[in-house]
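Trainee: Shown below is the structure under consideration.
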Amino acid sequence: MNRPSKLKMAAIHAGLMLLCMATLYPVLWVVKMALSPTDSLTLTVNPFPEAITLEHFREVVLGTDSAGRWLFGRQLLASLVVSGATTVVGLALAVSAAYALSRFRFPGKEGGMQTLLITQMFPATLMLVPIYSILQKLHLLDSLTGLVLVYATTALPFCIWNLKGYFDTLPRELEEAAVMDGASPTQVFIRVVLPLARPALAVTALFSFMTAWNEFILAATLLNDPTRFTLPVALQRYVGEYKVEWGKFAAGALVISAPVMALFFALQKHLVGGLTAGGVKG
Amino acid sequence: MRGLLALALLATAWSAQAAGDESAPLKLWHAYRGGEETALLQVSEQFTAKTGVKVELLAVPYDAYGAKLTNAIPHGAGPDVFIFNHERLRNFHAQHLLAPATTLARGDYFANAVEALEVDGQVYGYPMSLKSLALYVNTKLVPNPPATTADLLAMLPALTDADAGRFGFAYESGDFYFHAPFLFGFGGELFNAAGRATFDTEGMAKSLAFVKKLQDDRFMPQEVSGALVKSLFNDGRAAMVISGPWFAGEVAPSVDYRVVALPVVSETGIPMRPFLGVEAAFVSAQSQRKEQAQALARFLSLGEASLVRTTVGRQIPADVAAYELQAVKEDVLISSFREAARNATPMPNTVEMLKVWEPMKLALRAVLQGGTEPQDAGALADRRYRALHRERPPDASPLPWLGLVGAMALGGTVWVMRRPAPTLPFKRRYPDVAQAAAYLAPATAGILVLVFVPFVIGLSLSLFHYEPGEYSFVGLANFIDILASRGYRITEPLSFYFTLAVTLVWALVNVVLHVSIGLFLAMLLKDPLLKLRGFYRVLLIIPWAVPNYITALMWKGMFHRQFGAINGLLVALGLEPVSWFTKFSTAFAANVATNTWLGFPFMMVVALGALQSIPQELYEAAEVDGASKWTQFRRITLPLLRPAMLPAVILGSVWTFNMFNIIYLVSGGEPGGGTDILVSEAFRWAFQRNQQYGFAAAYSVLIFVVLLAWSSFTKRLMRASSEVMG
């Protein structure tokens, strides 16, 4: 490969830096709102705070409600439990289903895959009313279990498609070799297939986690007890139609985004491979 | 340390669980903040001290409150007692949410407060406080409050310096609740003798012209939110503001102010009449402990509770006896509001009233943001009202439909039975069916219950009409209404076809931008010799990691007319600031900018992966053959990217098509519903326009049909591309 010229490299760096700045500007702006002492917007272009206070973070993270309860801890716990459980349940269901769809022959396979995709095209918010009634029949309203089940299943179609695409690209010879060596089908699945699929698993897990961690319309409708609210629902209280507390909203937004960003950074190497190696190829 | 924290968290979670089991407190829901919340808390503690019955409070964000009540109570998951304004009373009553107020004594309260809570002679709810608007005056800036609008107009020039951000006057001018006093003061009426709303009146035109002039003369700011009113008044940058009693709790201690009645309109001699709202404690129809719930609701509305709510919560009690108390008598704020409320018009508790807000908001914004003359706004609102006010379609007979379903089932069975018998037995054709079933069962069960069943229910809802409380079967009437675009020409916003066109353009523009920006960045980043490559990549995927409702609200803030960073940037560049949400083109552009920021990283990552899988030798060979960079890009890069990019593009287009959060939170459909896409329009029918679930479901089915057509088109595209690629 020929080495690109210094000039060209400099141009690329300049371009990338400019684009990064454009990308980061809104984020810096939120950081500024979170750190500035005022609670409202001010008209400036400068994305860096003029004065710094941690008051908004303190109020969001350590504040108590009118009954003196420290809600943030419970809400953080609820968010972690819901997102973690959604990831585990969703991944377990998706992995086995995707493996079956990739490896076994059975009637209704193609139709099933298509149906999965089709249900994704119905606007999610309109499924709210029926989902509400179903959870109520199952006595799972206002419970984190109900929320986990809804999140895990609604994310399933995407997870299954992504994983099936990846499984399809894995060479079957390895599995056949394992069978020759006397491995049972379950052993083949756990010992051979899953380790090979690690990049796709990481990406799919990230998606399940993000779906649950970020969702708020369903959570706001299904949950009634503030000690069980997930963080996005808690954040909603700062951005009412009649009053916006920008400082606290920004601080809360940063707290909520941080874990997902951390996961993104940890998994970003896998991100490229996990999405495209098998990818969402049909 | 971290372990300890986790343990502590777990412990609190467990203890909360345990407390819930041992004794069930009465559930009390409200939407209070600040002082009002503190007062309610104290009052409910008093109740517990008196009766031994525990009360559990839940503060629900106001925007979500109504929907939450109507969802939760019929399912038995709601509160025992809830606090709400009286204007939704009839709607709640129709949905059977309310129990009659059995222990209420009429003489305890102001007569108009009790009347506001009456439906067919039966009182529902215990009136707690009166809410109406008055004029807050900064006494340093305005020693003598204006008595008439002529006084007001005479004072404003001296109090205003718009360029320095000082205004004589401020209120939430885009909200009908705040405009109502002007409307009534100019002799306008809202309902005609038949009880139907009328908008195209002289009073409407005059009141709109009046506030438009105030804004044009820059005596008051544009696009005012409650937060802006608060900060202007607290900074001494607004001399007078219109607000309700709740505002008293938000005024900074440094500001000296008085509350007086709204001025008399000089032109008509009529005082500006605000709406009178009655806030009441309602007992849920589903409460398991009606007696205790009635006792709590009554307790909240009277006696010592009134005193606390007045002194701590700064509420205006509806309880007559409260005004005999010394503390209340001496309270200037309370008596000023009581005085100001004399002119107030009780807000009708009819279902009709609920249908007035959206058309009025449309008219107000159309005038204030320019483009519509005050005298034309009434007609605009009128048409919107008629379109929203859907007559109930005639009931259809479900028999033909049942027949159709039966015939299809029969036909399907016959088709399956008559298929030629396969040459191989089932076991041989599908050797591992049992194993597959075991792997698939859990996912299938979940999907059936929580995806497929709601999906089918959603589909079938579209054949029904929903009025609060009951469904009736209407066949295809909803679809006919939508497709015939009743009430609107097909080229106007709010007609189905216009919204469809907006949605398609929206999806197209976004996907093109996502892909081209993503691909461009991927080309820049693909070179493995590039220094800081990982660093750039990490920075560039940040937008993907931010939850999209946060992105939306963040950008909405940046597009703020007065304090947004984008306008700040324009001003810094020497350009005029733009009122982003007043014109279709700029509002649409704001939505697109937000969604582009949000969406390009996904395409960048996919393109990066695809680029890395292209063998480098191909380029070297092309180089040898003397192909230019551009030819290489066209002949090698693009064709080889296609198989990986195409599925991502298809997925992206479906996501964008249904991207509810951005539209709903950034432009909110402004101006006048023009930038709404199909999903947000469907959402409005379901949750903001009197719960027309059937109509909304019909909208969703149409969305589904469009996407289905799109997916069958893309399937062909994929097949074609894989054939080309071999």
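Trainee: Percent of Cα-Cα pairs more than 17 Å apart in the range A:129-205, please.
Mentor: 59
Trainee: Averaged over its residues, how many other protein chain Cβ atoms are within 10 Å of peptide B:455-461's Cβ atoms?
Mentor: 5
Trainee: Taking the Cα atoms of the range A:133-282, report the difference between the largest and smallest coordinate on each principal axis, in whole Å and largest first.
Mentor: 67, 39, 26
Trainee: Based on the Cβ-Cβ distance of B:Ser266 and B:Phe452, what FRET efficiency does E = 1/(1 + (r/R0)^6) give at R0 = 45 Å, to the nearest 0.05?
Mentor: E(calc), rounded to 0.05, equals 0.10.
Trainee: Could you report the buried accessible area between A and B, both sides summed, computed with a 1.4 Å probe and given in Å² to the nearest 100?
Mentor: 10300
Trainee: Would you work out the relative contact order for chain B, in percent, from Cα pairs under 8 angstrom that are 6 or more residues apart?
Mentor: 14
Trainee: Provide the per-residue ³J(HN,Hα) series for the range B:292-298, in order, calculated from phi with Karplus coefficients 6.51, -1.76, 1.60 and θ = phi - 60°, each as a whole number of Hz, with x at glycine and proline positions.
Mentor: For the range B:292-298, the Karplus-derived couplings read 5, 5, 4, 4, 5, 4, 5 Hz, x marking Gly and Pro.
Trainee: Amide H neighbours of B:Leu98 under 5 Å, counting only residues 5+ apart in sequence or on other chains, H built in-plane at 1.01 Å?
Mentor: B:Ala285
Trainee: If amide hydrogens are placed 1.01 Å from N in the peptide plane, which non-local residues have theirs closer than 5 Å to the one on B:Arg166?
Mentor: B:Asp161
Trainee: Give me the Kirkwood hydrodynamic radius of the range A:187-248, using the inverse of the mean 1/r over all pairs of distinct Cα atoms, in Å to one decimal.
Mentor: Mean inverse Cα-Cα distance, inverted, gives 14.5 Å.
Trainee: Considering every pair of different Cα atoms, what Kirkwood radius, in Å, is found for the protein assembly as shown?
Mentor: 31.2
Trainee: Once the piece of chain linking B:Leu618 and B:Thr345 is laid out straight, how much longer is it, given 0.36 nm per residue of separation minus the C-alpha distance between them?
Mentor: Going from the current span to full extension adds 90.4 nm.
Trainee: Mind listing the long-range amide H neighbours of B:Val474? Cut-off is under 5 Å, sequence gap 5 or more, other chains count too, H placed in the peptide plane at 1.01 Å from N.
Mentor: Close amide H contacts, sequence-distant or interchain: B:Ala396, B:Phe464, B:His465.
Trainee: How long are the three semi-axes of the equivalent ellipsoid of the range A:27-159, in whole Å, if each is the root of 5 times an eigenvalue of the C-alpha gyration tensor, listed from largest down?
Mentor: They are 42, 21, 15 Å, listed largest first.
Trainee: Pop the C-beta distance of B:Ala327 and B:Ala194 into the FRET formula with R0 = 60 Å and round what comes out to the nearest 0.05.
Mentor: For B:Ala327 and B:Ala194, the calculated efficiency is 0.85.
Trainee: Give me the 1.4 Å probe accessible area per residue for the protein assembly as shown, excluding ligands and nucleic acids, in Å².
Mentor: Solvent-accessible surface per residue comes out at 42 Å².
Trainee: Also: Dividing the Cα radius of gyration by the Kirkwood radius, what Rg/Rh value follows for the range B:609-726?
Mentor: Here the Rg-to-Rh quotient is 1.21.
Trainee: Now for a different question. How many angstrom separate the Cα center of the range B:254-273 from the Cα center of the range B:644-714?
Mentor: Cα centres, the range B:254-273 to the range B:644-714: 45 Å.
Trainee: Over the Cα atoms of chain B, what is the Rg over Rh ratio if Rh follows Kirkwood?
Mentor: Ratio of gyration radius to Kirkwood radius for chain B: 1.02.
Trainee: For the protein assembly as shown, what does -39500 (n - 2.57) per DSSP helix run (n ≥ 4), summed and divided by total residues, give at 222 nm, in deg cm²/dmol to the nearest 500?
Mentor: Value at 222 nm, helices only, nearest 500: -18500 deg cm²/dmol.
Trainee: OK, next. For the range B:60-136, what are the per-bin percents of Cα-Cα distances with bins 5 Å wide, up to the bin holding the maximum?
Mentor: Answer for the range B:60-136: a P(r) of 3, 13, 26, 23, 18, 11, 5, 1, 0 percent.
Trainee: What does the C-alpha gyration tensor say about the overall shape of the range B:180-336? Classify as rounded when a/c is under 1.5, otherwise prolate if a/b is larger than b/c, or oblate.
Mentor: Taking the square roots of the gyration eigenvalues as a ≥ b ≥ c, the range B:180-336 is oblate.
Trainee: Contact order normalised by length for the range B:590-706, with contacts defined as Cα pairs under 8 Å and 6 or more residues apart; what percent is it?
Mentor: 21
Trainee: Starting from the Cα of B:Lys715, draw a straight line to each of the aspartates and glutamates and keep only those under 13 Å, dropping any in the same chain fewer than 8 residues away.
Mentor: Partners within reach: B:Glu723.
Trainee: Could you pull out which residues in the range A:94-118 have an amide N less than 15 Å from a spot 7 Å beyond the Cα of B:Arg719, following the Cα-Cβ vector?
Mentor: Residues passing the 15 Å test: A:110-111, A:114.
Trainee: In the range B:97-246, what is the volume of the convex hull around the alpha carbon atoms, normalised per residue and reported in Å³?
Mentor: So the per-residue Cα hull volume is 165 Å³.
Trainee: List, in order, the whole-Hz ³J(HN,Hα) value for each residue of the range A:216-228 obtained from phi through the Karplus relation with A = 6.51, B = -1.76, C = 1.60 and θ = phi - 60°; use x for Gly and Pro.
Mentor: Once rounded to whole Hz, the list reads 9, 5, 4, 4, 5, 7, 7, 9, 10, 9, x, 6, 10.
Trainee: A:Val188: net charge of surrounding residues, Cβ under 11 Å, Lys/Arg +1, Asp/Glu -1, itself excluded?
Mentor: 0
Trainee: Starting from the Cα gyration tensor of the range B:435-582, take the square roots of the eigenvalues, sort them a ≥ b ≥ c, and report rounded, prolate or oblate (rounded when a/c is under 1.5, otherwise prolate if a/b is larger than b/c, else oblate).
Mentor: Oblate, since a/c reaches 1.5 and b/c is not below a/b.
Trainee: For the range A:106-120, take each phi angle, set θ = phi - 60°, evaluate the Karplus expression 6.51 cos²θ - 1.76 cosθ + 1.60, and give the result in whole Hz per residue in order, putting x for glycine and proline.
Mentor: Values, residue by residue: 7, x, x, 5, 4, x, x, 4, 5, 4, 4, 5, 5, 4, 5 Hz.
Trainee: Once you've got the Cα coordinates, tell me which of B:Lys140/B:Lys583; A:Lys8/A:Lys32; B:Lys50/B:Lys329 are over 28 Å apart.
Mentor: B:Lys140/B:Lys583; A:Lys8/A:Lys32
Trainee: Using the beta-carbon distance between B:Ala709 and B:Phe520 and R0 = 30 Å, what value does 1/(1 + (r/R0)^6) give for FRET efficiency, to the nearest 0.05?
Mentor: So, using R0 = 30 Å, E works out to roughly 0.45.
Trainee: For B:53-59, what's the mean count of beta carbons from other chains sitting within 10 Å of each residue's beta carbon?
Mentor: 2
Trainee: Evaluate the Debye formula for the range B:622-678 with equal point scatterers sitting on the alpha carbons, no solvent, and hand back log10 of I(q)/I(0) at q = 0.16, 0.17 Å⁻¹, in q order, two decimals.
Mentor: Rounded to two decimals, the profile gives -0.65, -0.67.
Trainee: Give me the net charge of B:His389's neighbourhood, meaning all other residues with Cβ under 9 Å from the Cβ of B:His389; Lys, Arg count +1, Asp, Glu -1.
Mentor: +2
Trainee: Ignoring ligands, DNA and RNA, what percent of the 1.4 Å accessible area of the range B:139-259 is carbon and sulfur?
Mentor: Carbon and sulfur together cover 51 percent of it.
Trainee: What ratio of Cα Rg to 2.2 N^0.38 Å holds for the range B:437-484?
Mentor: In units of the 2.2 N^0.38 Å rule of thumb, it is 1.65.
Trainee: Follow-up question, since we're still on this one. Over chain A, what relative contact order in percent results from Cα pairs under 8 Å that are six or more residues apart?
Mentor: Result for chain A is 30 percent.
Trainee: How many Cβ atoms of partner chains, on average, are near each residue of A:13-20 if near means within 10 Å of its Cβ?
Mentor: Counting other chains' Cβ atoms within 10 Å and averaging over A:13-20 gives 5.
Trainee: Can you give the convex hull volume per residue for the Cα atoms of chain A, as a whole number of Å³?
Mentor: Dividing the Cα hull volume of chain A by its residue count gives 200 Å³.
Trainee: Can I ask one more? What net charge do the residues around B:Val123 carry, taking every other residue with its C-beta under 10 Å from that of B:Val123, with Lys and Arg at +1 and Asp and Glu at -1?
Mentor: That works out to -1.
The values are calculated or read from the model by the stated rules, or taken from the named source; none is laboratory data. This one's a predicted model, so the numbers in the text were calculated from it and none came from an experiment. Every residue, glycine among them, receives a Cβ derived from its backbone with ideal geometry; neighbour counts consider all protein chains shown. Ligands, DNA and RNA are stripped out before the accessible areas are found, and what is left, the full protein with its side chains, is counted by its heavy atoms. Shrake-Rupley method; radii C 1.70, N 1.55, O 1.52, S 1.80 Å.
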